[in-house]
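See structure below.
The values are calculated or read from the model by the stated rules, or taken from the named source; none is laboratory data. Just so you know, these numbers come straight off a predicted model, no measurement behind them. Counting neighbours? That spans all protein chains shown, and the Cβs are built from the backbone with ideal geometry, glycine included.
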Amino acid sequence: MGRFTLQSRIDCGDRTTSVALLEIRELSIRYRTAGAGVQAIDGVSLELEAGGSLGLVGESGCGKSTLALATLRLLPPQAELAGTIRFAGQDVGGMKERQLRQIRWRRAAYVPQSAQNALVPVHSLRAQFRATAAAHRMRATEADRRAAALMRRVELDPALLERFPHELSGGMRQRAIIAMALLFEPELLVADEPTTGLDVIVQRQTVNLLRDLRAERNLALLFISHDIGVVAELCERIAVLYAGRVMETGATADVLGSPSHPYTIGLRRSFPDIRDPERPAVSIAGHPPRLAEALAACPFAPRCPFAQPVCVAVQPPLVAIAEGHAAACHFAGDAAAMRSAANRPGLWDGARAA
Ligand SMILES: Nc1ncnc2c1ncn2[C@@H]1O[C@H](COP(=O)(O)OP(=O)(O)O)[C@@H](O)[C@H]1O
Ligand code: SF4
Ligand SMILES: [Mg+2]
């Protein structure tokens, strides 16, 4: 594994403590706006091990991109952060620009949302590989050598390096961006909705590519999607976000096999189930809350078919319901009953306030 191996253990006297590659603790992010501001992330704690995979899933506007940008300190200046983000044990918030440059691209690469449109239209792919390389002091000859190898690896003809972005299909541009993200052989890839907007076949190819790249490079993946099915295919662990908070988290098999938060139960039902193709996909009525407005104690209460008066009065903490599996619902202990009730016709049809 050589150069891909993270120095992920630090010595504490005679004790050795394992350090997560990415560790987020009690992170809150607020955007200053002309109004009262937007609480995009609210008290989120997550971890990703070296070589591991974590899927962030949730509907549009729940804070996924904000969290992804924060991991590499790429947020706009109007974002205010509280809490900590550590990369390989180092506090990202406290880093000087020079230290950040050592990490961005080199150790942690970011594939932005709508990456297919992120390439500079007036430059060839080769020029864009070289510009990225030059910004991190890699020589053009080395950049060319790596670019050709990476293009082959993502199953694109290296001759396409001479082409301009508009000459490639959306799927090809996505592959080229992924190849560029791997230029410095990072340990972490943060990929924001890389399958969104692609047709089903290209989505499948992208998922397969990311899965293979992870395996062969021991690449950790923070994968963001609104599509729980895609996350299920790629990620060992999952965190379900709603209104900037973690509703449920754990091993993907546990969270999707035994969802214990009504939002996860509803989200799961809103996508087709390959194990039960006859089951119709039923969407959750209503919309996520606007984060510029005050929320109910449980932000999902206005859409939750199981809501009770306590849900709007007391914020449900994220508590463990099994080893490594936690949910933020007052009634997570009754999850089995909620899962069976979830099949009742009409249950998800109407928004209701508690
Ligand atoms: N630069 C910004 N200024 C103000 N509000 C923002 C900004 N970027 C995002 N938001 C708001 O933060 C919330 C979370 O957005 P985002 O992280 O993009 O969610 P997602 O990626 O899950 O769709 C949304 O309410 C969005 O409108
Ligand atoms: S705390 Fe109440 S409103 Fe929130 S998800 Fe659980 S049952 Fe629904
Ligand atoms: Mg987003």
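Observations on the model:
- Unique match (being crowded, with 20+ Cβ neighbours inside 10 Å, under 21 Å from GLY170 (Cβ atoms) and touching a residue at least 24 places away in the same chain (Cβ under 8 Å)) among LEU210, LEU241: LEU210
- Criterion: more than 30 Å from VAL246 (Cα to Cα) and of a type in the set (Asp, Glu) - qualifying residue of GLU80, GLU142: GLU142
- Out of ARG3, ARG86, ARG15, sole residue that is under 16 Å from ALA108 (Cβ atoms), modelled with pLDDT under 95 and basic (Lys, Arg): ARG3
- Here the condition is being within 16 Å of ligand 3 (Cβ to nearest atom), closer than 20 Å to MET338 by Cα and not basic (Lys, Arg); of VAL230, VAL240, it holds for VAL240 alone.
- Screening PHE331, PHE300, PHE306 for residues that are more than 25 Å from the chain's Cα centre (by Cα), closer than 15 Å to GLU248 by Cα and either within 7 Å of ligand 2 (Cβ to nearest atom) or touching a residue at least 60 places away in the same chain (Cβ under 8 Å) (or both) leaves exactly one candidate, PHE331.
- Note on segment 161-201: residues that are more than 20 Å from ARG126 (Cβ to Cβ), within 16 Å of ligand 3 (Cβ to nearest atom) and outside any loop (DSSP other than H, G, I, E, B) amount to 3.
- Within segment 231-247, the set of residues being over 11 Å from the mean Cα position of the chain (by Cα) and under 19 Å from ALA40 (Cα atoms) comprises TYR242, ALA243, GLY244, ARG245, VAL246, MET247.
- Answer residue from segment 309-328, given it is within 8 Å of ligand 2 (Cβ to nearest atom) and not in a helix (DSSP H, G or I) and is surrounded by the most Cβ atoms within 10 Å (Cβ to Cβ) among those: ALA328
- Here VAL231 passes the criteria (1) of a type in the set (A, V, I, L, M); (2) touching a strand residue (DSSP E or B) at 6+ places or on another chain (Cβ under 6 Å); (3) within 25 Å of ALA135 (Cβ to Cβ); (4) part of a helix (DSSP H, G or I) except the one numbered (3).
- Taking segment 147-183 as the range and being touching a residue at least 40 places away in the same chain (Cβ under 8 Å), over 19 Å from GLN113 (Cα atoms) and exposed (fewer than 15 other Cβ atoms within 10 Å of the Cβ) as the test, only GLU155 passes.
- Inspection of segment 252-268 identifies no residue that is within 16 Å of ligand 3 (Cβ to nearest atom), at pLDDT 90 or above, in a loop (DSSP other than H, G, I, E, B) and surrounded by 13 or more Cβ atoms within 10 Å (Cβ to Cβ).
- Each residue in segment 234-251 was checked for being in a loop (DSSP other than H, G, I, E, B) and more than 18 Å from ALA70 (Cα to Cα), and 2 pass.
- Restricted to segment 45-78, and to residues there that are in contact with a Lys or Arg (Cβ under 7 Å, 6 or more places away or on another chain) and of a type in the set (A, V, I, L, M), the residue that is nearest to ligand 2 (Cβ to nearest atom) is LEU56.
- Residue within segment 123-145 that is modelled with pLDDT under 95, of a type in the set (Ser, Thr, Tyr) and not in a strand (DSSP E or B) present: yes
- Among the candidates ARG217, ARG279, residue that is surrounded by fewer than 20 Cβ atoms within 10 Å (Cβ to Cβ) and out of contact with any helix residue (DSSP H, G or I) (no Cβ under 6 Å at 6 or more places or on another chain): ARG279
- Condition check for GLN99: more than 17 Å from LEU150 (Cα to Cα), in a loop (DSSP other than H, G, I, E, B) and under 24 Å from the mean Cα position of the chain (by Cα): no
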